[in-house]
Structure formats: structure tokens, C-alpha cells
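Reading through the C-alpha cells given below for one structure.
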Amino acid sequence: MGRSRSSFSHALQAGSLNAILQLRFLFAHGALLRMTRSAFLVLLIAASLAMAAPAQVGHPAKGSWSGYWGTSEASKKRILLLLDWRDQKITGFINPGPNQVKIDKADLDVDTWTLRLEAAMPTSGGGKAPFVTTGKLTNLGSWTMRTYAGTYTLGGETGKFTVTLN
């Protein structure tokens, strides 16, 4: 071939007519095609790495979780948790909307993926009672089957809950 890539790039930087002639020479001798294959392989590898990046989007507890809580199957009530990850801590609301309850405290043990949430839940008498959930995050690699399940206390009541990431 006789001409090196560095002489070609030098000529391109100079912006001369010689660069166009060298490009034509490289194209005629297949060198441009080889460079294109190399560039394609680099692009393919970069795209593969970029596709792996969305595998973990944010914190594992972040998102909208829906499910049920209650002392028995017959007394189950619907619950929606809206959790976020801000300033290195979990924040959020229980049953977001006009009657939402702010989560006051959230602790996550990443060794066991045990999450504890605390909030002051309104009672039927107009007061508030401590609502505490303690459960485990499971199926962390899944967007459709990730669950948070465990036990809760609401004042003197104790029961079980299960929510799934929406």
C-alpha cells in the first residue's frame, strides 16, 4: 500500500486536495473498507457496553410498589408505596394522593436487603398511630417480579404485607 494512516491524517489536518486524493487511493485499494470494519467493531463493542448500563437504573427500592396488607386474608387492604432515592436516603409516601402519608424514616440493610419503613398513619378516630413495616426486598434483578414483603405494626395491630414493584 505504501501510504500510512498517519500521513493520511496529517494530510486531512492540512485540509489539502492531496487528502482527497489519498482518500481515493485508500478506497481503491480496500484500506478504507478495512478501517470501516475496524470502526464498526469498535462501535459494536461500545453499543454492547452501553446496553449493559440500563441494567441497574437507580436504587433497588426506588419506584411505585402496590400490594396488600392486613391481619388476615379477609381483612386485606390495598396499599401503594411510592419510594425514591434522594441524597443517599430512601424517601417516599404511602398511598400517594390527597390522603398520602409521608414516610418518616427508612432503613435498608444491604447485606440482607431488609427494609424498614416508619410513618405516622391516620387512625379512624382522627389521631395518628405509628406504622412500621419490616420486610425483605427479593428478586432484585427483575423489574416485573421484585417484591417487598414482611410484617407490619399499626399501633397495636400486627399483620403481613406484600407489595410488588409496578
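Please treat every number below as a calculation from the coordinates, not as lab data. Since the structure is predicted, the reported quantities are computational estimates derived from the model, not experimental observations. Glycine gets a Cβ as well: all are built from the backbone with ideal geometry, and neighbour counts include every protein chain shown.
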*Could you give the dipole magnitude of the range 63-165 about its Cα centre, charging the beta-carbon of Lys and Arg +1 and that of Asp and Glu -1, in debye to the nearest 20?*
240 debye
*Give a residue-ordered list of calculated ³J(HN,Hα) values for the range 87-98 (Karplus: 6.51 cos²θ - 1.76 cosθ + 1.60, θ = phi - 60°; whole Hz; x for Gly, Pro).*
6, 6, 8, 8, 10, x, 9, 9, 6, x, x, x
*Pairwise label distance in nanometres, R86 with K128, each label 7 Å out on the Cα-Cβ vector*: 1.7 nm
